[in-house]
Amino acid sequence: MGMELICEIRDAEEGGCYARALDRGILTEAETRDELRANILEATSLHFADDAGCPSLVHLHYVQDELTPVEAP
């Protein structure tokens, strides 16, 4: 099995979502997760167009931040 590319996906403050590869210069955004998935695959293909080390898997890691207030005891 070849290399695995890990992408962190987060919601964008202005709406939509974005993804960035953790160890490569790949960054893309979209309005929906389905569009983002397609954009990630396209960006990966373009990034590795001249490289024999193109990953065989793209791992999508969805990150969601949540702030929860803590009440004083």
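Taken together, the values in this text are just the output of simple stated rules run on the coordinates, not laboratory data. Since the structure is predicted, the reported quantities are computational estimates derived from the model, not experimental observations. Cβ placement follows ideal geometry from the backbone for every residue including glycine, while neighbour counts extend to all protein chains displayed.
For the reader, a short list of remarks on this structure follows.
- Computed label-point distance, nm, for sites residue 12 and residue 64 using a 7 Å Cα→Cβ extension: 2.0
- Coil-residue trypsin sites (Lys or Arg not before Pro) of the chain, DSSP, other Cβ within 10 Å capped at 15: 24
- Adding -39500 (n - 2.57) for every DSSP H run of four residues or longer, then dividing by how many residues the chain holds, sets the calculated 222 nm ellipticity at -6500 deg cm²/dmol.
- Of the GluC sites (Glu not before Pro) in the chain, those whose Cβ has at most 12 other Cβ within 10 Å and which sit in DSSP loop: 13, 14, 31, 66, 71
- Summing Cβ point charges (Lys, Arg +1; Asp, Glu -1) relative to the Cα centre of the chain gives a dipole of roughly 280 debye.
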